[in-house]
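Computed from the coordinates by the stated procedures, all read-outs in this text should not be read as laboratory data. The structure presented is a predicted model; accordingly, all values stated were derived computationally and were not measured. We place every Cβ from the backbone using ideal geometry, glycine too, and count neighbours over all the protein chains shown.
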Amino acid sequence: MKFTSYKNWLNERQSINIDGLNVPIHIVKKKDWSEGKKDPTEFSDEEDAVRVRDDYDYKKDPTGWMRHEMIHYKLHHTTGWKDDEKEYPYNSTEAQAYIYQFKYLKKKGYKNYKDVPGFDKSAEYDNILNKYWQNV
Ligand SMILES: [Zn+2]
């Protein structure tokens, strides 16, 4: 699902400072969120911003997703950064994003990403996510 209109998006455009980086965000109503998408945030190349579902507390960032998307935004603007283009979540961009997110969650005291409330616990990517967690 795309944003309602470019004009609306420009009107709503705001930004938040995440770990010293100013990141444009776009708050999206829950009813307009991508169908079937469990995570409350996503980086959009098209909007060059982090889209945030309006029920997620992006200021407190309890699940660390803002940190994750911040890396997407940052790498998108890093001259010379080249993703290895493996599939999600095995590619080099996701590795960076998850490791940064997990660093933040470990600092908050979590011993396993599965203990984080609101984190999708589906087993599909468990091996790789565990690997990222161990590498933090
Ligand atoms: Zn990601």
Worksheet item: Given H placed 1.01 Å from N in the peptide plane, which residues other than close sequence neighbours of I18 have an amide H under 5 Å from its amide H?
Response: V23
Fill in: Vicinal HN-Hα couplings computed from phi for the stretch 103-108 (Karplus, 6.51 cos²θ - 1.76 cosθ + 1.60; Hz; Gly/Pro x)
4, 4, 5, 5, 4, 6
Discussion item. Quick check on the chain: of the DSSP beta bridges with both residues there, what percent are antiparallel, nearest 5%?
Written reply: 70
Worksheet item: For the stretch 6-135, what relative contact order do you get, as a whole percent, if you take Cα pairs closer than 8 Å and at least 6 residues apart?
Response: 18
Worksheet item: Mind checking which lysines have their C-alpha under 23 Å from K103, skipping anything on the same chain fewer than 8 residues away?
Response: K38, K59, K60, K74, K82, K86, K111, K114, K121, K131
Discussion item. Are there any trypsin sites (Lys or Arg not before Pro) in the stretch 58-100 that are in a DSSP loop and have at most 11 other Cβ atoms within 10 Å? List them by number.
Written reply: K59, K60, K82
Worksheet item: So what's the gap between the Cα centers of the stretch 72-113 and the stretch 10-43, to the nearest angstrom?
Response: 17
Worksheet item: Angle, helix 126-135 long axis vs. longest principal axis of the chain, Cα atoms, 0 to 90°, nearest 10?
Response: 80
Worksheet item: Based on the Kirkwood radius over alpha-carbon pairs, what is the Stokes-Einstein translational diffusion coefficient of the stretch 6-135 at 4 °C with 1.567 mPa s viscosity, in µm²/s?
Response: 84
Practice prompt. Pull up all non-local amide H partners of H26: gap of 5 or more, or a different chain, and H-to-H distance under 5 Å with H placed in the peptide plane.
Written response: V50, R51, V52
